[in-house]
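Colleague: If you scroll down you'll find the structure; I have some questions about it.
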Amino acid sequence: MARDMVPVLKRCRSLDLDPIYLGIAKKSKKQPQNTRRKISEYGLQMREKQKAKFIYGVLEKQFRGYYAKAEKMAKKEGIPGENLLMLLELRLDNVMFRLGYGRTRKEARQIVRHKHVLVNGKPVDIPSYQLKVGDTVEIKEQYKNAQRYKDVLEVTDTRIVPEWLSANHDALSGSIVARPQRAQIDVPVEETLIVELYSK
């Protein structure tokens, strides 16, 4: 499986991205070089795409698939860019992160891969599993008292759960109550630039 081995803080510097959006509290002390160099229009579009891919931990082929689906959806409802972010937000690993059951999306992905998660009462170990309104997710009963989740909740307890989700931290569960709207998605990505890039 392909993996991005670039150090997280180094990647954040190159994308001009605050690590807090990845669930990482520490900041890099190094300053990005060549800050005065003007970025071309194509460069700006590429940076926004790289930023979205990096935040959600998605590789190029998968990202293209999400964009194709977002464009198809836009024929009936929504805008391609907003649909793209909505699809990325509804990934199982992202929902686990948003609910506070993972300090970072990488940790949430690992929790899903290790078969700790139930979706509508059935085990799911696919991080990219697409959730929909009405779906419920929870940590399996045998892991609920594990020290790991007590430690995770201690860190994420102050994290605000988005309005489109409902969380029950006592039961380590949650549900999707609505589709995420663009105003409820706090990622610093200009999705219109991604649409422009793929429209060429």
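Yes/no per residue for (1) of a type in the set (D, E, K, R); (2) touching a helix residue (DSSP H, G or I) at 6+ places or on another chain (Cβ under 8 Å); (3) open to solvent by less than 10 Å² (accessible area, probe 1.4 Å):
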site: H116; (1), (2), (3): no, yes, no
site: V119; (1), (2), (3): no, yes, yes
site: I126; (1), (2), (3): no, yes, no
site: E141; (1), (2), (3): yes, no, no
site: A146; (1), (2), (3): no, no, no
site: W164; (1), (2), (3): no, yes, yes
site: I176; (1), (2), (3): no, yes, yes
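Colleague: Right, next: Could you grab the pairs with beta carbons closer than 7 Å, sequence gap of 6+ or different chains, first residue in the range 91-112 and open to solvent by 20 Å² or more (accessible area, probe 1.4 Å), second one polar (S, T, N, Q)?
Modeller: Going by the 7 Å Cβ cut-off, the qualifying pairs are R103/T156.
Colleague: Being open to solvent by 60 Å² or more (accessible area, probe 1.4 Å) and either at positive phi or in a loop (DSSP other than H, G, I, E, B) (or both) is the filter here, so list the residues in the range 128-139 that pass it.
Modeller: If the condition is that a residue be open to solvent by 60 Å² or more (accessible area, probe 1.4 Å) and either at positive phi or in a loop (DSSP other than H, G, I, E, B) (or both), then Y129, K132, V133 are the ones that fit.
Colleague: When the range 148-162 is examined, which residues are found to be surrounded by 15 or more Cβ atoms within 10 Å (Cβ to Cβ) and touching a strand residue (DSSP E or B) at 6+ places or on another chain (Cβ under 9 Å)?
Modeller: Y149
Colleague: Within the range 165-180, count every residue that is touching a residue at least 40 places away in the same chain (Cβ under 8 Å) and either β-branched (V, I, T) or within 17 Å of V133 (Cβ to Cβ) (or both).
Modeller: Number satisfying all stated conditions: 9.
Colleague: So, one more: Identify, by number, the condition in (1) at pLDDT below 95; (2) open to solvent by 20 Å² or more (accessible area, probe 1.4 Å); (3) not hydroxyl-bearing (S, T, Y) that I55 doesn't meet.
Modeller: The number of the failed condition is (2).
Colleague: Considering the range 134-157 alone, what residues qualify as being in contact with a Gly (Cβ under 9 Å, 6 or more places away or on another chain), of a type outside the set (A, V, I, L, M, F, W, C) and either over 18 Å from R109 (Cα atoms) or modelled with pLDDT of 95 or more (or both)?
Modeller: T136, E138, D157
Colleague: Before we move on, is M86 open to solvent by less than 40 Å² (accessible area, probe 1.4 Å), modelled with pLDDT of 95 or more and closer than 16 Å to P188 by Cα?
Modeller: Yes; evaluated as a whole, the condition is true for this residue.
The values are calculated or read from the model by the stated rules, or taken from the named source; none is laboratory data. On a predicted model such as this, the values are computed, not experimentally measured, just so you know. Methodologically, a virtual Cβ is constructed for each residue, glycine included, from the backbone with ideal geometry; neighbour enumeration extends over all protein chains shown. With ligands, DNA and RNA removed, areas are computed over all heavy atoms of the protein, side chains included. Shrake-Rupley method; radii C 1.70, N 1.55, O 1.52, S 1.80 Å.
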